[in-house]
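The next block holds one structure in the form of C-alpha cells; read it before the comments.
The values are calculated or read from the model by the stated rules, or taken from the named source; none is laboratory data. Bear in mind the structure is a predicted one, so any value in this text is a computation, not a measurement. Methodologically, a virtual Cβ is constructed for each residue, glycine included, from the backbone with ideal geometry; neighbour enumeration extends over all protein chains shown.
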Amino acid sequence: MVRSSDPNREVFRLAPPLIVWWVWVAFAVANVADFAIQGAPARFAIVVSAILVTITGLAYALALRPRVVAEPSGLTIVNPFRDHHVPWAAITAVDTGDWVQVHYAPGQAGSGQAASRPPGVSSPPSSAASKAVSCWALYISARTNRRAAALAQPAPRRPSPHSSAFAAPRPERGYAEASRLPEEAKYLASLPAAKAIAVKLDTRAGRERARRKPDPETQENPVTARWAWRAIAAVALPALALLITVLA
C-alpha cells in the first residue's frame, strides 16, 4: 500500500499489518470495557490489562510503526526498533528476498559508475563494502515466493496450430484498453505489492543518482541508523509492569 502526502514524499507499507493492528486495538478496548462493566476482581483486571498493554506495545512496534519513506534526501526505513536513513546517492540497488532490501555502499556512493546505471536496473551488490537494510514493513510471504518459483519454471509446450486441440483465444472485453497502458504500469500491476514497491524504489534510486554529481555529497549526508527508543519503551515498560504485577 502506498500513501502519498506530496509528489516528493511517499510512504510505503502493506495493508495486512495495519488490519492486524486495528483488529487488536478493537479487541483490547472491548476487553477493557467488559472488565469495567462486569466489575471483574481488581487483581484479575490489573493482570489482564497489563497483558493487553504489553501485547499492544508489541503490535505497535511490529505492525503499526514499520514503514518506508521515500523523500528528496533518500530512503528512511522505519523498522520495529531501529530507524535507518540511506541517501539516494548511496543506494546501489533495491531488491527482494524475504523482505525488500536496500543495498548501499557508502564508499562508492556518488561514483560515476553507480550514476550511469539505467533507472530501474539493479546492479548485483557484490562489493565488499556493500551493506543492506531489510525493510520490515515490506515482507514477501512464503506463498508469494512459491508462486514466483512456479512461474519461473519453463512453460509447457503449446499445441501446434495444426493440432485439433489448438483454438485461437477470443479477445476479452477491455483488452484494447489494457494494451494501451504503459509497459511499466502493466509490469508493476503483475507483481506482488512488495515486489512492485521494490521496483518503484529501485527506479527512483537510479533516477536520483543520475541527477546527482559525483561529489562528496555522501560525506555530508551519510547513511545513519538509530535506535527507536519510543518503540522500545512501548514494549519494555508494559512488560516490566506485567512482570512486577505477576510476581507481587
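Set side by side, the residues Val47, Val94 differ, and just one is of a type in the set (A, V, I, L, M) and within 15 Å of the chain's Cα centre (by Cα), which is Val94. Is it the case that Val68 is farther than 30 Å from Pro238 by Cα, of a type in the set (A, V, I, L, M) and within 11 Å of the chain's Cα centre (by Cα)? No: the conditions fail for Val68. Highlighted here are the strands (runs of 3 or more DSSP E) found entirely within region 1-73 that include at least 3 residues which are aliphatic (A, V, I, L, M) and in contact (Cβ under 8 Å) with a residue 24 or more places away in the chain: 67-71. Evaluated against (1) surrounded by 17 or more Cβ atoms within 10 Å (Cβ to Cβ); (2) within 16 Å of Arg204 (Cβ to Cβ), Pro72 falls short on exactly one condition, (1).
One line per residue, one yes/no per condition, for (1) among the β-branched types (Val, Ile, Thr); (2) at pLDDT 95 or above:
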site: Ile19; (1), (2): yes, yes
site: Pro41; (1), (2): no, no
site: Gly57; (1), (2): no, yes
site: Val69; (1), (2): yes, yes
site: Thr92; (1), (2): yes, no
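Only residues that are farther than 30 Å from Asn31 by Cβ, β-branched (Val, Ile, Thr) and in contact with a helix residue (DSSP H, G or I) (Cβ under 9 Å, 6 or more places away or on another chain) were counted in region 51-85, giving 1. Listed here are the helices (runs of 4 or more DSSP H) enclosed by region 187-248 that have at least 1 residues being at pLDDT 90 or above and of a type in the set (Val, Ile, Thr): 193-211, 229-247.
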